[in-house]
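Beneath this line is the structure, given in structure tokens, with notes to follow.
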């Protein structure tokens, strides 16, 4: 018995690794190798044409000590992430709760509200956004009805980031669809019991809806933060493509792109990439560590 | 009863008004693309007072002798190759993780989970260096090859979850009938995995279609340009663009994604709902 099993196990290993082969190649050649490669390059001066030249931590020292554009773009990106992600999720939850109350034609509304998420990542929509937030664009025409004279959102350095944030919030549909599915899983008898106990709507929301949705919120929060940190197209197209006006659209990834692919300072760009990895890692770790205080998996084993 | 009806009516009206407001930028884009250039920024209403197709004709001509039809063909090619790659290799990997037992399985699985959260940029420069060494700049390999190596591990996780929901009894009875593990994948798992494959296919299509960043880095030959790059080239941030043509091509660029979404929306939206995608 034992003897005959071993070849079988080997054969199973072989089949499994055959199925896994593309991913394994990709993991080593596109992920692990390049990751170590960029760690090495971050300690060098490298312009793609001449071999990398070892300079130790000089790139990192320059980034933290002398590079104002770095700190500016980091804060800008953090501001973008921490305004747009909570607002988008809150908005998504709000609309999901309105739509969840056994409404007719839910399918159609769900589709309509999803369309911005579908199209929002394209260059086309970024160009439209630039246009409707322009001095004489739709937004200011709308404000004009109320007698408000809006500024030119896209040429003013302190407002343009809100234009980009609004584009991100506009795409709340994908989170909404996930919340809708999550809300359907909340057992109705919980609300009935709460009502019997005299809990009002607000209390029901904080004591039932939020805890029951917390795993879904957790997952969305992590993925949204990671993705928003990497936002590029809106900043590139709504701004002038070089971070302007006055570095007000110099998002972290745009700065990294310019260092690496406009100035061909690829060692420096790699150092920026590793700093970005560490920052994203730190934020993700904080959410994971704090999750045990606010993410509620219930006592059923079905929880994700 | 009456009050309830009125409440329902108000609610629907509000939801619809809000929906129209949400879609207004898209509607503005479509309507402006049919307006003559001089009316685009002066006429506030959605319905064009003068209707013209000139923008589409002008835009379609492209620039520097390359028409937009070429950009569309290129984008379709990249997206379709990406979809095939992702669907095939990610489902292979997912089947191995979800159903097969092999050495170091747990380690590989945790590594796969970690790669989902890795930012693209941390591998960007060395990948570029490798592709440059291989003389693959200005080819589609850097855009498509990663998809054939199951690089978007998010889809692996999604499919692993889906496969775990398929009853194991099916595999077992197939084994009794003499199927080996390879045959179980092709005869049992893959056919049942179709809904997940469709969601993965649609997401891959949209993401490759919109993948402006990689396209910009790897493609500089105008003949290889994608729709996104074409639009970006028509657009001059200093304001000297042919807005009519630009908006017409922008509107066209959204048509393939929208069509695919509307055709497959059931799979698509339910797919997001069950996997928590994006």
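Each value in this text was obtained by applying a stated rule to the coordinates, not by laboratory testing. Nothing here was measured: the structure is a model prediction, and the numbers come from that model. All Cβ positions, glycine included, derive from the backbone under ideal geometry; neighbour counts span all protein chains shown.
Under the rule a/c < 1.5 gives rounded, and otherwise a/b versus b/c splits prolate from oblate, where does the stretch A:1-102 land using the Cα gyration tensor? Cα axes put the stretch A:1-102 in the oblate bin. By the beta-carbon count within 10 Å of each Cβ, the least crowded to most crowded order of B:42, A:44, A:163, fewest first, is B:42, A:44, A:163. Considering the zone a paramagnetic label at residue B:183 would reach in this model (a point 7 Å from Cα along the Cα-to-Cβ line), which residues of the stretch B:161-177 have amide N under 15 Å from it? B:171-177, by backbone N distance to the label point. Considering the stretch A:124-193 at the alpha-carbon level, its Rg and Dmax are found to be 18.5, 54 Å.
Centre-to-centre separation between the Cα atoms of the stretch A:25-39 and those of the stretch B:7-82: 41 Å. The calculated 222 nm mean residue ellipticity attributable to helices in chain B amounts to -23500 deg cm²/dmol, summing -39500 (n - 2.57) over DSSP H runs of n ≥ 4 and dividing by all residues. With the Kirkwood sum run over all distinct C-alpha pairs, the stretch A:38-81 has a hydrodynamic radius of 11.8 Å. Peptide B:247-255 has a mean of 3 when you count, residue by residue, the C-beta atoms of other protein chains within 10 Å of its C-beta. Angle check, please: helix B:105-117 long axis (alpha carbons) against the longest principal axis of chain B (alpha carbons), in degrees 0 to 90, nearest 10. So the helix axis and the longest Cα principal axis differ by about 10 degrees.
Averaged over peptide A:27-40, the number of partner chain Cβ atoms lying within 10 Å of each residue's Cβ comes to 6. The equivalent ellipsoid that matches the C-alpha gyration tensor of chain A spans semi-axes of 38, 35, 18 angstrom, in descending order. The value obtained for the stretch B:64-275, namely the Cα convex hull volume divided by the number of residues, is 155 Å³ per residue.
Where the centroid of each part is defined by its Cα atoms, how far is the stretch A:49-124 from the stretch A:156-235 in Å? Measuring centre to centre over Cα atoms gives 15 Å.
Between rounded, prolate and oblate, where does the stretch A:2-41 land on the alpha carbon gyration tensor, with a ≥ b ≥ c its root eigenvalues, rounded for a/c under 1.5, else prolate if a/b exceeds b/c? It comes out prolate by the Cα gyration axes. Axis of helix B:190-209 versus longest Cα principal axis of chain B: the two differ by about 40°, to the nearest ten degrees. Extension gain, residue B:166 to residue B:76, is 29.1 nm, computed as 0.36 nm per intervening residue step minus the present C-alpha separation.
Along the Cα-to-C-beta direction of residue B:233, a point sits 7 Å from the Cα; which residues of the stretch B:53-96 have their amide N less than 14 Å from that point? Answer for this model: B:59-75.
Taking the stretch B:63-93 and a reference point 7 angstrom along Cα→Cβ of residue B:223, the backbone N atoms nearer than 19 Å belong to B:63-78.
Compared with the dominant Cα axis of chain B, that is its longest principal axis, helix B:153-164 is turned about 50°.
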